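The values are calculated or read from the model by the stated rules, or taken from the named source; none is laboratory data. Not measured: the values here are computed from a predicted model. For neighbour counting, all protein chains shown are included, and Cβ atoms are generated from backbone atoms with ideal geometry for every residue, glycine included. Quick note on the areas: whole protein, heavy atoms, side chains included, nothing else; ligands and nucleic acids left out. Shrake-Rupley method; radii C 1.70, N 1.55, O 1.52, S 1.80 Å.
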Amino acid sequence: MNYPATGLHHVTACAGGAQEDIDFLTQVVGQRLIKQTILFDGRYAHYHLYYANANAEPGSVMTTFPYKRVKGRKGSGQISATSYTVAKGSLPFWVEHLKRSKTQNTGIQERFGHSFIRFSHPAGLDFEVVEDAQDHRVGWSTPDIAASESVKGFHGVVLSVRETAETKRFFVDALGFRESGIDGNYHRLETGKGGHARTITLLHEPDRPSGSWTFGEGTVHHVALNVPDDEALAEQKGIYDELGYTDCSEIKDRMYFHSIYCRCPGGILVECAATAAGGFAKDEPFDQLGRQLLLPPWFESRRDEIVAMLEPIRVPETNMPAPATAPGLQPSQRPADFVHTDKAASR
């Protein structure tokens, strides 16, 4: 059977403060902020911030809702860590980089023969950098993180589950993954040729209480898998229905991609996402990504009301591509830092 999902598309988590999230993901993790928009659901305005590698590729996109209104409860039935790949031999750099940035981390560990470091976001979200010599995607570089040490994109996600059997069945039967290894309490599932951006790891934690499933600071809300188009989304929904996974949404328009959502038996929310025409550059030039607040057309008439609910933020100057990575862009053409301080500044 041919399954539509080809690997990871994005991961979405709930952070705390918007500025601390931007600072952490652009300066500590070293990704590029590629989109400022808002959460499309609910009564209150929250940012929806997108971060990615140099090419803003699916499989590298971390998105966050700064969500201070509600504190999340970490536990099983959640994504416990989001893993990025880095070059082979670069972990000693990351040990020193995390030390300089005063970021709590585990030091170098090993899982399935790969060396990795787990470290923590100010809101309590856990991330990993995993050495992978086979990943040739281009990471975003900053003054503190050279291209040779940069995160290239996702390796995968680690899911905390109290029981593994039904979660495995969901990923294997409904999404086309296969089990490719067990290392202690870790069970590795891969799709396609496996490896970076094609790996889901289950962490068996039978005694861990369930975590919250709602939006809440310090918890990961969902993982999204990449599919080619809307036809593939409909095909995937048909597979869910055929197998009896009836908790699947209709196709939703997320502006930059179209999505369906289904909660797997272990509790983790799994999205399938098809990138829309134009992708993340559909409403702003690629070399200007992430510089200003963008709203979907159906919210534009409420811009003043929405902006009034949002925390002022500053986008780092390092978010602008250097001339070498943006052909034809001269230094004099770089705009000043976008500072969202009032209603006018966000227009």
(request) Please give the number of the condition residue 136 fails out of (1) free of Cβ contacts under 8 Å to residues at least 40 places away in the same chain; (2) open to solvent by 20 Å² or more (accessible area, probe 1.4 Å); (3) farther than 30 Å from residue 261 by Cβ; (4) in contact with a helix residue (DSSP H, G or I) (Cβ under 9 Å, 6 or more places away or on another chain). (result) (4)
(request) Check the stretch 7-27 and report whether any residue there is under 24 Å from residue 193 (Cα atoms), among the hydrophobic types (A, V, I, L, M, F, W, C) and surrounded by 15 or more Cβ atoms within 10 Å (Cβ to Cβ). (result) yes
(request) List the number of the failed condition for residue 188; all other conditions in (1) surrounded by fewer than 18 Cβ atoms within 10 Å (Cβ to Cβ); (2) of a type outside the set (A, V, I, L, M); (3) at pLDDT 95 or above hold. (result) (1)
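Count, please, the residues in the stretch 59-92 that happen to be closer than 20 Å to residue 294 by Cα and not hydrophobic (A, V, I, L, M, F, W, C).
Narrowing the stretch 59-92 to residues closer than 20 Å to residue 294 by Cα: 61-67.
Now drop any that are not not hydrophobic (A, V, I, L, M, F, W, C), which leaves 63-64, 66-67.
Counting residues in the stretch 59-92 that are closer than 20 Å to residue 294 by Cα and not hydrophobic (A, V, I, L, M, F, W, C) gives 4.
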(request) Please find, among 267, 290, the residue that is modelled with pLDDT of 95 or more, under 21 Å from residue 321 (Cβ atoms) and open to solvent by less than 40 Å² (accessible area, probe 1.4 Å). (result) 290
(request) Pick out, from the stretch 158-260, the strands (runs of 3 or more DSSP E) lying fully within it that include 2 or more residues that are within 23 Å of the chain's Cα centre (by Cα) and within 29 Å of residue 18 (Cβ to Cβ). (result) 219-226
(request) Please work out which residue is surrounded by the most Cβ atoms within 10 Å (Cβ to Cβ), limiting yourself to the stretch 145-178 and to residues that are among the β-branched types (Val, Ile, Thr) and either touching a strand residue (DSSP E or B) at 6+ places or on another chain (Cβ under 7 Å) or modelled with pLDDT under 95 (or both). (result) 151
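Residues in the stretch 153-174 that are hydroxyl-bearing (Ser, Thr, Tyr) and either free of Cβ contacts under 8 Å to residues at least 12 places away in the same chain or touching a Cys at 6+ places or on another chain (Cβ under 9 Å) (or both): how many?
Just the residues of the stretch 153-174 that are hydroxyl-bearing (Ser, Thr, Tyr), to begin with: 160, 164, 167.
Checking which are either free of Cβ contacts under 8 Å to residues at least 12 places away in the same chain or touching a Cys at 6+ places or on another chain (Cβ under 9 Å) (or both) leaves us with 167.
Counting residues in the stretch 153-174 that are hydroxyl-bearing (Ser, Thr, Tyr) and either free of Cβ contacts under 8 Å to residues at least 12 places away in the same chain or touching a Cys at 6+ places or on another chain (Cβ under 9 Å) (or both) gives 1.
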(message) Looking at 194, 181, can you tell me which residue is modelled with pLDDT of 95 or more and in contact with a Lys or Arg (Cβ under 8 Å, 6 or more places away or on another chain)?
(response) 181
